[in-house]
Amino acid sequence: GQPLSADSTSHPRGLYLLFATEMWERFSYYGMRAVLVLFLTKAMMMDKAFASKFYGGYTSLVYLTPLIGGFISDRYWGNRRSIITGGLLMALGQFTLFFCASNYGPVESHALSHWLLYLGLGVMIVGNGFFKPNISSMVGTLYSATDKRKDAAYTIFYMGINLGSFIGNTITSLIGDTGNPSDFRWAFLACGIAMLLGTVVFNWGKDKYLHTPTGEQVGLTPVQSGGIMGVYALLPVLLALILGILWLDSAKFPTIAPLLGVAVLGISYMIFSDKSLSGADVKGIMVIFIVSFFVVFFWAAFEQAPASLTFFADEQMDRTIFGYTLPASIFQNLNAIFVVIGAPLMAMVWTALGRRGAEPPSPLKMSIGLAFLAAGYLVMCFGVNNLQPGVKVSMFFLVALYFLHSVGELCLSPIGLSLVNKLAPVKFASLLMAVWFLANAAANYLAGYMSSLYPDPASTGPAPQLLGFQINNLYDFFMVFVVSAAAAAIILFLLSGKL
Ligand code: GLN
């Protein structure tokens, strides 16, 4: 065929290899997460508040370990080894959950199963640390630095993420969330197989397809690297550390939140104590920090999907359509569907606005994203306002919420990622990507905490409290997200001119 030029719209085959690998991995991550809190509450007999915090602790650590995985990959392993090791670990973690879910029950009578739960999640957290940062950064290495196709490549990659999430979530909901707690194990088994498949596909295609436009192989082990084996020896230490943190945090010794604080301080010190940065560099870095702060409010509200919003779908929502009752966990899928359809449309909207010179600057787009998030919860508030006991809410409200949240995500998530890429001085590129990940870690932790305040109609205890306010019903609960997201949107809007 035709030789490809740099401005061609077709993409290197390597992109599709990374697309496929990431698709299977996201199948396994989102598929598992979709049924996690239901598994914890219905099979492991945890209460909703505990299960929520547990979910937040797990997802938070998932975003923390890429700091370590990125570092080890840059110094010792390279992208390829990291992705394969991470993928195998995550598959192992899913299979551990499969065994955990094959003999489920409350901790008093099923202690071993509870240990397997921690172990499975811990192994996955470590594995993700190696996998996620490396697969994302490899996408860029397939193109030359100035290649205009890079943005489009990340959009395509983002669609792969959500396609995987869609397929995984659909399968795990249908085979795992059946109403019979012993079926959850099939969901975890499917996720383990998907993760293995992704790793095998990557291993098969890596030498053939992962190279620069000029044919140089990418993602290999750094040349001067010793210490490859040393890192393997470190893995059990890392796992023990993660398990300790996860266990302590869930045993009511707040461990993760202070850890995140220390990480932020440490990274800030490493960056801002560098005297070689120009004034413009420092300004760019400040923008990354400020924007990351606002992003926390976004994901903390957004990531209610597999937690409080799934409790809501399970207990408070009419899920029957054409005489068939849908599993509660399947509704999160709407996000993936809307993103796959919406990502190319959104790219077109920005390009069309750009042609007229009216494309909003990134911080403004992100403020719009927060506004959509608030709007989603506002619609929900209408649905649950004056809800009488025993009455179920129409699924329209949750569908509308996921639609608005997905539009918001598309305004904020890919935009934020490329903003970090553009503003970060080369020297601190990975470290500032870590700041972005840390924002996610903090947000996910907060998401678990917020979900623990879900007003359980079955509970007879005192109403949950947030900053002195009582959360008496679902209306109050969802209103918290309306107010916090709207406030963040307005402040970011006011700041965006300056940023
Ligand atoms: N859905 C995207 C992914 O899984 C982004 C998630 C996030 O940044 N919190 O990669």
Report yes if GLY78 is in contact (Cβ under 8 Å) with a residue 12 or more places away in the chain, part of a helix (DSSP H, G or I) and under 19 Å from the mean Cα position of the chain (by Cα), otherwise no.
-> no
Any residue in the range 424-433 that is over 30 Å from ASP274 (Cβ atoms), within 16 Å of the ligand (Cβ to nearest atom) and either among the hydrophobic types (A, V, I, L, M, F, W, C) or in contact (Cβ under 8 Å) with a residue 40 or more places away in the chain (or both)?
-> no
Residue check, SER136 away from the ligand (no atom under 16 Å from the Cβ) and surrounded by fewer than 21 Cβ atoms within 10 Å (Cβ to Cβ) | no
Residue under evaluation ALA111, criteria (1) within 16 Å of the chain's Cα centre (by Cα); (2) more than 15 Å from the ligand (Cβ to nearest atom); (3) among the small types (Gly, Ala, Ser), criterion not met | (1)
Would you please name the residue that is nearest to the ligand (Cβ to nearest atom), looking only at residues in the range 266-308 that are buried (at least 21 other Cβ atoms within 10 Å of the Cβ) and farther than 25 Å from ILE491 by Cβ?
-> PRO306
Do we have TYR154 as at negative phi, among the hydroxyl-bearing types (Ser, Thr, Tyr), in contact (Cβ under 8 Å) with a residue 60 or more places away in the chain and within 15 Å of the ligand (Cβ to nearest atom) here?
-> yes
Please work out which one of (1) away from the ligand (no atom under 16 Å from the Cβ); (2) touching a helix residue (DSSP H, G or I) at 6+ places or on another chain (Cβ under 6 Å); (3) in a helix (DSSP H, G or I) is the condition PHE19 fails and give its number.
-> (1)
Looking across the range 137-180 at residues that are among the polar types (S, T, N, Q), closer than 22 Å to GLN332 by Cβ and in a helix (DSSP H, G or I), the single one that is modelled with the lowest pLDDT is THR155
In the set TYR445, TYR454, the lone residue that is away from the ligand (no atom under 16 Å from the Cβ), buried (at least 20 other Cβ atoms within 10 Å of the Cβ) and not polar (S, T, N, Q) is TYR454
Looking only at residues in the range 427-477 that are within 22 Å of TRP299 (Cβ to Cβ) and of a type in the set (Val, Ile, Thr), which one is modelled with the lowest pLDDT?
-> VAL435
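The values are calculated or read from the model by the stated rules, or taken from the named source; none is laboratory data. Treat the numbers as computed from the prediction; the structure is a model and nothing was measured. Every residue, glycine among them, receives a Cβ derived from its backbone with ideal geometry; neighbour counts consider all protein chains shown.
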